[in-house]
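Here is the structure we will look at.
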Amino acid sequence: LKVEEKLSQARKLRETTLSRIHALAGGKVELSGSDLEQLPFPESFDPEKNVSVRLFRQQLKVIKSEVERAKVEHYPDLFLSAGYMLRSEIPDLFTLRLGLTLPVWYGSRERMLVLEKKERLSSKLFEIADVKLRVTGDFEAFRSEYRITDEILKTVKKEIEEKQKEISALLIAYEYDRTDIREILRAYRILWDLEFQKAMLIKNLNQVVAKAEALQ
């Protein structure tokens, strides 16, 4: 009865989970139900590939161009224009104009504008360095979490192997009436719990890998 109750709960959980998956996927998807495979942790990490860092780099380019433009906005401006006019009774007219504009003054306002752009540039460089440190720290934290969880998984795998050997020995002993069936069932329950722990640990490891890859 207890087993039937657990199976019923598992079926309800499965249906609920499938409904959520289908809702997120926008329709039904085929799930193979194959065994979980442990994904390896990424070997290297380049913070420059991070989305946030790349976004800040693009913003930095814009600010740099603004700084360069602010530096030369007070420079003289040379312009050249040409025109051609068609006239019916007199010869056509071709005009060429050459001009030069000079600023009346270059004062504190212009200097403050350049200084403001430079401060924005320095601030953005600091933000980039800060983001790179943060995402690198997050990646290393995920690496540590993966390593610790993997060690736990190895321990659980060893316990599974030992329990499987114990069950084999119990089955042989049961053939010769040297053990009780309840001992075998107890061992199987422990084995199933260990198998469930193993699956959950692999799932957690793969989630850590996904988070680490999302940083790149």
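The values are calculated or read from the model by the stated rules, or taken from the named source; none is laboratory data. The structure presented is a predicted model; accordingly, all values stated were derived computationally and were not measured. Positions of Cβ are backbone-derived with ideal geometry, glycine not excepted, and every protein chain shown enters the neighbour counts. When the accessible area is computed, the model is the full protein with side chains, heavy atoms only, and any ligands, DNA or RNA have been set aside. Shrake-Rupley method; radii C 1.70, N 1.55, O 1.52, S 1.80 Å.
Which pairs do you get when a residue that is within 23 Å of GLN59 (Cα to Cα), found in the range 118-144, comes within reach of a residue that is among the small types (Gly, Ala, Ser), reach meaning Cβ atoms under 8 angstrom, with the pair 6+ apart or on two chains? Close Cβ pairs satisfying both conditions: VAL131/SER52; VAL135/SER52. Under the condition of being at pLDDT below 85 and open to solvent by 80 Å² or more (accessible area, probe 1.4 Å), which residue from the range 116-153 is farthest from SER52 (Cα to Cα)? Result: GLU116.
Please tell me if GLU195 is open to solvent by 50 Å² or more (accessible area, probe 1.4 Å) and under 30 Å from GLU48 (Cα atoms). No.
Examine the range 168-178 for a residue that is assigned to a helix (DSSP H, G or I) and either within 21 Å of the chain's Cα centre (by Cα) or among the hydroxyl-bearing types (Ser, Thr, Tyr) (or both), and state whether such a residue exists. Yes - at least one qualifying residue is present in the range 168-178. Condition check for PRO47 on (1) closer than 23 Å to ALA210 by Cα; (2) at pLDDT below 85: one failure, at (2).
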